[in-house]
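Enquirer: I'd like to ask you about the structure that follows.
What follows is calculated from the coordinates using simple rules that are stated; it is not laboratory data. On a predicted model such as this, the values are computed, not experimentally measured, just so you know. Neighbour counts run over all protein chains shown; Cβ positions are idealised from the backbone, glycine included.
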Amino acid sequence: MPVAYDMALTADGDLPLQPGLVSGVELVAQRVAFALRLHRGEYLLDTRKGLPWLDWMQTRPAPLDTMDAAIKATILGVPGVLSIVEYTRTQGDTDDAWSITARILTSDEEEFTAAITRTAGGVPYVLASGGVRSIA
């Protein structure tokens, strides 16, 4: 089976000064982070892609069950993702502060963690990395 490669991005999703390639679990983690950061309507070739973050942030209280379902579907739709091993949502001190953590299993039987955090009045921040280990 051919190995997939992609350009390595920084933690913020930008191109680094020193270009590089990623593959394996790092590639899948990068793709998950990109998919979760994409706002609905932002991708010009298909404006249906992405999550409706702005709509969710303007709704009080935030529709957390709807968000959970859409986030899980987005993660599972990324090539290379086999399943979500664990998914937890923690409510913050206010209605608009929360964090979500997902442990994700890749088709190569490796795990990584994706985390989305929103502070009160802030915008969600996505991080997909850490805890990479083989479970085979």
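Enquirer: In terms of modelled amide H atoms, which long-range or inter-chain residues lie less than 5 Å from the amide H of Asp108?
Expert: none
Enquirer: So what J values fall out for the range 110-118 if you push phi through Karplus, 6.51 cos²θ - 1.76 cosθ + 1.60 with θ = phi - 60°, rounded to Hz, Gly and Pro as x?
Expert: Calculated HN-Hα couplings, in order: 10, 10, 8, 10, 10, 10, 10, 10, 10 Hz.
Enquirer: Identify which of Leu17, Leu38, Leu54 has the largest mean-square fluctuation in a Gaussian network model of the chain, with springs joining Cα atoms closer than 10 Å.
Expert: Leu17
Enquirer: From the C-alpha coordinates alone, can you work out the Kirkwood hydrodynamic radius of the chain, in Å?
Expert: Value: 15.6 Å, from the Cα pair sum.
Enquirer: Separate question: Only sites in a loop by DSSP and with at most 16 other Cβ atoms within 10 Å count here; which trypsin sites (Lys or Arg not before Pro) in the range 32-67 make the cut? Before the final figure, lay out the partial values.
Expert: Working: sites: Arg37, Arg40, Arg48, Lys49; in loops: Arg40, Arg48, Lys49.
Here the trypsin sites (Lys or Arg not before Pro) that fit, given the DSSP loop and packing criteria, are Arg40, Arg48, Lys49.
Enquirer: Now, a different point. May I ask for the angle, rounded to the nearest 10°, between helix 24-37 and the longest principal axis of the chain, with both axes built from Cα atoms and the value confined to 0 to 90°?
Expert: For 24-37 against the chain, the angle is about 30 degrees.
Enquirer: Here's something else I'd like to know. Would you mind checking which residues have amide H under 5 Å from Leu51's amide H? H placed 1.01 Å from N; only 5 or more apart, or other chain.
Expert: Counting only residues 5 or more places away or on other chains, the set is Leu38, His39, Arg40.
Enquirer: Under the Karplus relation 6.51 cos²θ - 1.76 cosθ + 1.60, θ = phi - 60°, what is the ordered set of whole-Hz ³J(HN,Hα) values for the range 54-67, x standing for Gly and Pro?
Expert: Couplings: 5, 4, 5, 6, 8, 9, 10, x, 4, x, 4, 5, 5, 4 Hz.
Enquirer: Around Ala8, which amide H atoms from residues at least 5 apart in sequence, or from another chain, sit under 5 Å from its own amide H, with H modelled in the peptide plane?
Expert: Sorted by chain and number, the residues that satisfy this are Gly20, Leu21, Val22.
Enquirer: Residue-wise, which Karplus ³J(HN,Hα) couplings in Hz belong to the range 75-92, taking 6.51 cos²θ - 1.76 cosθ + 1.60, θ = phi - 60°, and x for glycine or proline?
Expert: Here the 3J(HN,Hα) series is 4, 5, x, 7, x, x, 8, 8, 6, 9, 6, 8, 9, 10, 10, 10, 7, x Hz.
Enquirer: For the chain, what is the mean residue ellipticity at 222 nm derived from helices alone (per DSSP H run of n ≥ 4: -39500 (n - 2.57); sum divided by total residues; nearest 500 deg cm²/dmol)?
Expert: Rounded to the nearest 500, the figure is -7500 deg cm²/dmol.
Enquirer: Another question, then. Taking chymotrypsin sites (Phe, Trp or Tyr not before Pro) as candidate sites, keep only those in a DSSP loop with at most 13 other Cβ atoms within 10 Å, then name the longest stretch of the chain containing none of them.
Expert: 44-136
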